[in-house]
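Peer 1: Below is the structure I would like to discuss, written out as C-alpha cells.
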Amino acid sequence: MASRSGDFFEWAKEAAAMTDRLTLMQYLLLALFIGLGVRFWSLQVVRHEQYLRAAENNRIRLIPIPAPRGAILDRHGRVIVDNRPTLSIILNREELRARGRKPHELVEDLIAQGLALDRESVRQRLEAMATQPAYYPVVLKENATPQDVAWVRARQIEYPELDIMEQPQRQYPHGTLLAHVLGYVGEITREQLARPEFRDYRPGDIIGRAGVELVYDRWLRGRDGYRRVIVDSTGHEVGEIERVDPIPGHNIKLTIDLDLQRAAEEQLGGRRGAIVALNPQNGEILALASHPTFDPSLFAQRINTPEGRAEYRALLADPERPLYNRAIQGIYPTGSTWKIFVAAAALEEGLITPEHSTLPCGRGLQVGNRFVRCLGSHGMPDLHRAIVVSCDGYFYRLGLRLGIDRMEAWVKRFGLGQRTGIDLPDEVAGFVPSRALKAKFNPRDPRWRDFDTVIASIGQGSVAISPLQLVRAIGGIAVGGVFHTPHVFKEAVGPGGTVYTADRPLIVPLQKRTVEALRSAMWGVVNEGGGTGAAARVEGLDVSGKTGTAQVVAKERAGGAAHLKDHAWFVSFAPRDDPQIAVVVLIENVGFGGRFSAPVARVIYETYKEKYVRASEVAAIVPPASEKREGAPMASPSPVVLEATRRRLPLEVSNRR
C-alpha cells in the first residue's frame, strides 16, 4: 500500500512539472506570435509604402533609346555621314546596388571571367556617372562583338545587372574624304558638362567635337527616348510599361559637291597642301581639301580601345600634322598672287589707269644698297602684260608708288589678314604687312623701309594669309567688290529646319573698269602667250587666274632641303565675265605655282565643267535672288569687318612668281 502511495505522488509531481513546461511553452509561442504579428504589421502597414517603392524599383528598369544623329549630305543629297546600328553592353547600377556589389569590383570580375573590357574607358565612365541618378545605365562597352553579346547572354543569371542595348554609331562611309570639314564626334567631357551650355547633357552623350559635327551639333543631335520595362529576378525583361520613342536629329545638307571634293583630294595625293573651291556669288564652299588628313571613324568607333588611343597619339605626334586644316588654319606668304591686290589698290587710287599703266621692268630694282631681281626681262609692260607674265620689276615700282599705308588699308578692305567667318572652328586670321606689325615683331629694326614695301608688293615678307582668305578675296574682286561669307552649311532638312542666313559680306564698291582690267589680265595669265598659268586652261570655260611661287627662305639658305622649297599657288575663277566658281590651290614645298598648282586647278575646272556646263554656258549653282526658297529667309547683306588675330611672322623672304 505504501508502495502504491509513493508511486502516485511521484506521478503527480511529474505531471505538475509537465504542466509547467507546457504553460511556459504556450507563453513562449504566444510571445513569438505576438512578435511576428507586430513585425508583420510593421511591414504591411507602417512601412508599406517604403517596401512597395523598393519592390517596384527592383522589378522596373529604365532602358534609354539613344536618338540617331542626323545624316550629313552633299549639296545634291548624297550621303556623306550616317549611322549604323551597334550593340552596347550596359550596366544597370540600381540592380548592382541591390546586389550589394561595387562597380569597380564587378568590372575586375568581368575581365577575369573573360569579358573584353577596356579598364581605362570604363573607369572614366563610372566616375563620370557617379553624380547621375542610379537609373541611368553605364555603357561598359560600345560596338560589342557577337562573342561579347553571347558572353553576356550566357551569364544573365550570374550577372543580372548586365544588359545589351542597341545604339546608333557614327559612320563615315567615304573614309578620310572631307574629314577636315566634317570633323568628328566623341563622348562629352567632364569639363564640358560643367559649362552651362551643356546643362541638358549627361555623361556618355555623344556630341560633335570638330568641324560640321561640332558647329551644327544642335541640329544634328536628336532627343533620346526610353523604355520602362519589368524584369524578373534574373534581369530578363517580362513586360513593357511605357515607351517614348527618340526623335532623330535633322539631316544637314552641305554646300559641298562630292565629285569636286573627291577630285580635289585625289589631286593633292600625298602632297601637303590645300584646295578650296567656292561660288563667289554667294560664298558657298564647293570643295575644301587639306592634306595630310585623317579618318573620322577613329573618334567614333575606336578611340576607347587601346589600339584607337595609340592611333590618336600617332596623329598628334605626326610632324605632317594631319589634324591641321591647312585651308583655314594654315597661313602662308602668297607670292605673286598678291599682285592682284596691289593692282586693284593702284587702279582705285588713280595711280594708274587701264589705258596708262606702263612701267619699266628693269630686270629688277635698286633699293638702297640692295638690288632686288626680277626673274625676267620684260621691257616696259603695261599692267595687263605685267600680270600675265608676272613681272616683279613692274610691281616693285607700283608698290612704291602705292606705299605701305595705302596697301595695308586696301588689302584689309578685301578681307585679308582677318577671319572670313566660315562656319568651321579654329579659323586663323593671319596678318598683312604694316608699319605696326614690323615694329612689333622686329624691335631691333622697327622702322619701315622701302625694301619692306618692295617685297610686300609681291606677296613676301610679312604677308601670311590662308588659302580660304585668298580665294575669297580674288572671287570678291572678280564679282565687282562683294566678298561673301564662305560657308559649308546649306540647310537643315526636315520639320523646323532652316537655310543658311549668316552671310555678312564685305562690300567694297570697285570701279567697273578696275574689275574689267583685272578680269582681262587674269584671263591672259591662263589663255595668252607667255602667261604663267597656261596649264590651267580649259577649253570653253574661260578660266582666269594668277600664279604664285612663295619662298619659304631665301634660295641661298634653303640649300636644297625639301621642306624649305617654295610653296606653289594658283588662284582663279571662271568664267571670266560671270564668275560662278573660284578655285585656289596651294601645294607646299614643291616649286613654281604655274608648274605644280595650275594643272591641279585644271582638273577641278574640268570636273566642274562636266557637271555644270551645258552648251558652253555655266549653269549657276544657286537659284537667282528672285527665286523663292523654302525655309527661313536669307538675311539681308550688311558690311562687316572681321577681327584679326596675332601670329608669329615668318622669315623675311625675297621675290618669286
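Peer 1: For the chain, what is one quarter of the convex hull surface built on the Cα atoms, given in nm²?
Peer 2: Hull-based average projected area comes out at 44.4 nm².
Peer 1: Roughly speaking, what is the centre-to-centre gap between region 176-230 and region 416-456 when only Cα atoms are used, to the nearest Å?
Peer 2: Region 176-230 and region 416-456 have Cα centres separated by 37 Å.
Peer 1: While we're looking at this one, here's another question. Given a cut-off of 30 Å, name the pairs among Lys546/Lys609; Lys253/Lys412; Lys339/Lys565; Lys565/Lys611; Lys438/Lys512 whose C-alpha atoms lie farther apart than that in the structure shown.
Peer 2: Too far apart for the 30 Å limit: Lys253/Lys412; Lys565/Lys611; Lys438/Lys512.
Peer 1: Hey, another quick one. Nearest 500 deg cm²/dmol is fine: what mean residue ellipticity at 222 nm does the chain get from its DSSP H runs of n ≥ 4 alone, each adding -39,500 (n - 2.57), divided by its residue count?
Peer 2: So the helix-based figure for the chain works out to -10500 deg cm²/dmol.
Peer 1: Let me ask something else. Which percent of Cα pairs goes in each bin when the distances of region 367-465 are cut into 5 angstrom slices starting at zero?
Peer 2: Result returned by the calculation: 2, 12, 20, 20, 18, 13, 9, 5, 1, 0.
Peer 1: Now for a separate question. Determine the distance separating the Cα centre of region 350-393 from the Cα centre of region 467-527; give it in Å without decimals.
Peer 2: That distance is 29 Å.
Peer 1: Taking N as the number of residues in region 161-310, what is its Cα Rg relative to 2.2 N^0.38 Å?
Peer 2: Dividing the Cα Rg of region 161-310 by 2.2 N^0.38 Å gives 1.34.
Peer 1: Roughly how big is region 60-254's charge dipole about its Cα centre, with Cβ charges of +1 (Lys, Arg) and -1 (Asp, Glu), in debye to the nearest 20?
Peer 2: 480 debye
Peer 1: Given H placed 1.01 Å from N in the peptide plane, which residues other than close sequence neighbours of Arg370 have an amide H under 5 Å from its amide H?
Peer 2: none
Peer 1: Using 0.36 nm per residue, how much length does the chain from Tyr135 to Arg363 gain when fully extended, once their Cα-Cα distance is taken away?
Peer 2: In short, 74.1 nm is gained.
Peer 1: Would you mind getting me the FRET efficiency between Arg21 and Arg97? Use the beta-carbon distance for r and R0 = 30 Å, nearest 0.05.
Peer 2: 0.05
Peer 1: Let me ask something else. So for region 60-254, averaging the separation of alpha carbon pairs under 8 Å that are six or more residues apart and normalising by length, what relative contact order in percent results?
Peer 2: So the answer I get is 35 percent.
Peer 1: Once Rh for region 303-426 is found with the Kirkwood sum over Cα pairs, what is the Stokes-Einstein diffusion coefficient at 37 °C and 0.692 mPa s, in µm²/s?
Peer 2: Stokes-Einstein gives a translational diffusion coefficient of 186 µm²/s.
Peer 1: In addition: Using the Karplus equation 6.51 cos²θ - 1.76 cosθ + 1.60 (θ = phi - 60°), what ³J(HN,Hα) coupling, rounded to whole Hz, does each residue of region 177-190 give in order, writing x for Gly and Pro?
Peer 2: So the Karplus estimates, Gly and Pro as x, are 4, 6, 4, 5, 7, 5, x, 7, 10, x, 5, 4, 8, 5 Hz.
Peer 1: I want to verify the translational diffusion coefficient of region 60-254 in µm²/s; compute it with Stokes-Einstein, Rh as the Kirkwood radius over Cα pairs, at 10 °C and 1.306 mPa s.
Peer 2: 88 µm²/s
Read the figures in this text as sums done on the coordinates, not as results from a lab. What you see is a predicted model, and the numbers here were worked out from it, not measured in a lab. When we count neighbours, we look across all protein chains shown, and the Cβ atoms used for this are built from the backbone with ideal geometry, even at glycine.
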